[in-house]
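Reviewing the structure listed below.
Just so you know, all these numbers are worked out from the coordinates, no wet-lab data involved. This one's a predicted model, so the numbers in the text were calculated from it and none came from an experiment. Positions of Cβ are generated from backbone atoms using ideal geometry, with glycine treated the same way; all protein chains shown enter the neighbour counts.
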């Protein structure tokens, strides 16, 4: 960590000067016009086209099995090339790849797997590029605001990267800084990313559904680019979970946060999937899983607002003196959080009631009310639902399923999504399903004997017993309960 001059650290107590917006470098101005992005995408797709042209002559001289294998390999290689390009472009392009990786209803498995790599990391920027954003947003140079600031980021994701720093009072913090060109290039980026998403859904979606898909993506991205919104969501989720001392949400330093900069508390922590590190510290992983299950069940079924980006870079175990006795689970990065609308909650409740009653017609009716079935596709979707219900009936009582059974049903649902024309899920439901899938997958990974369903059922029953329009969740009443690293 680079130590800054004492005079600079002392000056952080003084009101910051007027915000300055430095002139963007030429490359960023080209991005604002969409030129760089268009050229990179054109080069990428030209390479895909040339690979396809080179491969086709051989396809016709091999047997059918080898031909299918060759085509699948080209699709996988092409998807990896596209994913790498989207990661380099960052912003809406990396977000579009992440968004597409959830669309089991639209994309082949090898394509989704390539795009899923964008969930964790993208290449970081040099520190000098993000330092200019901090100065523009907070009105003072980095050395005037922080006692020290690590130039190497803790991590980088689609719209920002995170640096560890120290305040003049000695407190460690994590500073999330948005990539500098995004606010200027957003219009051009969305136009190009929208074309990519429309192309991905052309075979399965009508023009109206493609527009709705893109609208979901664009609205979510606009929220994620405003870190003030993320700070508010983190504070609300922290308030909702404040009753549980084993859950930690980073506290936001509002004076050092703005639209493109977010400063939160930092604590040493262990990634929740690092079994070796957890074992070395003597962490009781079942207690960790039970805390995580309680926290997510309350967010999803009671509050209706949930942290929708669970992955190893966003979930940790706080590495403190009590980690081997009372481990605390740390949530970071609330940029991708979702609030389930009252209408969606109502239809989800009706759908779960129908599922428990094995009422196929009622379940499909709820799907139609949620716009999950394209025009003319009800019969095919209903046949798929019948198959799904039969699988659930074979597994036993729904609320008594173990983690492996839940994951098996998840795989069946993914297969039905991929194979059923006219079946499409709202992005909120896909994120909800992804969140629960991660939770049960983590349970199987860390401790297959942990009964996460047992922990979740009381919250689910409370959800099912709600009357439509009743109050849900805790009101926003303060900042987060603790400190920790921040996601990117």
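Would you mind ranking 445, 127, 316 so that the residue whose beta carbon has the fewest other beta carbons within 10 Å leads the list?
445, 127, 316
Please sort 320-327, 446-453 by packing, taking for each peptide the average over its residues of neighbouring beta carbons within 10 angstrom, highest first.
Most protected by this proxy first, the peptides run 446-453, 320-327.
For 352, 270, which order do you get if you count the other beta carbons within 10 Å of each Cβ and list the fewest first?
352, 270
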